[in-house]
Amino acid sequence: DGEVDQIVSLKVSRTGQLWIGTRAGAFVYSDNNFKPVQNTEKSAITAIYFGTGTYLATETGDVLPVLFDTGGGITAYQSSALSVTASEGVPTAVTSLVEQDGVVFAATSGRGIFSVKGGGLNAVHAPPSPGVVNALAIGDGLLWLGTDAPKGTSGIYRSTGGQRFERVAAPTSKVLSLESNDAGIWAGTERYGLFHFADSKLKKNYTFANTSGGLRSDTIYTLFTDREGVLWIGTNRGVSRFDQQGSFQQTVSDIPNSNFVRTLWFNGRALYAGSNRGLFEYDYESEAWDKVSGLEDRVIYDI
């Protein structure tokens, strides 16, 4: 079946097994061998989650609990109580699975969010979310949502307690992916690059332009943090990686001569760059270089 070769989702379990969601079922790769997950052969697996239990999500709105037998078999169980359908009866995809305080949450492409409780799905009221939730993440103990949104509008929401959510100010438009790590929350968007949130506030928006092409594209489909804390970014033009401890490139100014840096100096508080056209001081808060007044047209050879 050609659909088996179409990979939709990937996840590594706590025991180091690679779980693979395809358009024709789920598989587990371990000890150089692929093992199918029973009862998933006709399902496109859109999300995989390991927590207090193991769950698979499908393109047709199912949340499938996975059980392991003593003989090594792996089976997913389907229940009508764990299936989401759109209001007109058309199946809607489950896009993401996360767990908070022992409760598994499922995001959908048209019906908002559901919690998995008591063997069934319970709708979570999350206004003013439009119902299309493309991604979920847990950050700072809060549930974050990535949703569809028009141009110039934020598609990021976070919980504020109970079933209350608020929109986080950021011009993200449509958000396709979310990732939580020690640095905060990262959001990959359809057209406007990568957004970084810390302490529930927007810290920076990374794009193809302002990273000098380090970010391969402004369309970001998936995000992943490896065991060394490096963020991997899957785009429509390849993979990029963001390592906060690694080397990086910065543009000091839009003026070419100001980017001809002759000297750098750190006085214990501030970092300065002397260029062919002026002296600049680095602003750690905004992560930008500011001109030092009075020296704009001077060539700075040394500090």
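Below is a table of values for the structure above.
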read-out: Residues whose placed amide H lies under 5 Å from that of G139, excluding near-sequence neighbours; value: W144
read-out: Gaussian network model of the chain, springs between alpha carbon atoms under 10 Å - residue of T58, T251, T207 with greatest fluctuation; value: T251
read-out: Interchain or long-range residues, amide H under 5 Å from S96's placed H; value: A107
read-out: Ordering of 99-106, 10-17, 170-177 by burial proxy (mean other Cβ atoms within 10 Å per residue, highest first); value: 170-177, 99-106, 10-17
read-out: Under-5 Å amide H pairs with T46, H placed in peptide plane, nonlocal only; value: A57, T58, E59
read-out: Relative contact order for the chain, counting Cα pairs under 8 Å that sit 6 or more residues apart, in percent; value: 6 percent
read-out: Accessible-area composition of the chain, carbon plus sulfur, in percent [1.4 Å probe]; value: 48 percent
read-out: Those residues of segment 261-280 whose amide nitrogen sits under 15 Å from the label point placed on D290, 7 Å along Cα→Cβ; value: 269-273, 279-280
read-out: Full-stretch length increase - S115, V12 - with 0.36 nm per residue and alpha-carbon distance subtracted; value: 34.8 nm
read-out: Heavy-atom accessible area per residue - segment 1-157, 1.4 Å, Å²; value: 47 Å²
read-out: Accessible area expressed per residue, segment 196-303, with surrounding protein chains retained (probe 1.4 Å, Å²); value: 67 Å²
read-out: Nitroxide proxy distance, nm - points 7 Å out along Cα→Cβ at N267 and T52; value: 5.6 nm
read-out: The chain: most fluctuating residue of R111, R227, R241 per GNM, C-alpha cutoff 10 Å; value: R227
read-out: Label-to-label distance, nm, for residues given as D226 and S200 (7 Å Cα→Cβ offset); value: 3.4 nm
read-out: Additional length obtainable on full extension of the chain from E3 to A86, 0.36 nm per residue less Cα span; value: 27.4 nm
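The values are calculated or read from the model by the stated rules, or taken from the named source; none is laboratory data. Everything numeric here is computed off the predicted structure, so don't read it as measured data. All Cβ positions, glycine included, derive from the backbone under ideal geometry; neighbour counts span all protein chains shown. SASA here: full protein model, heavy atoms, side chains in, ligands and nucleic acids out. Shrake-Rupley method; radii C 1.70, N 1.55, O 1.52, S 1.80 Å.
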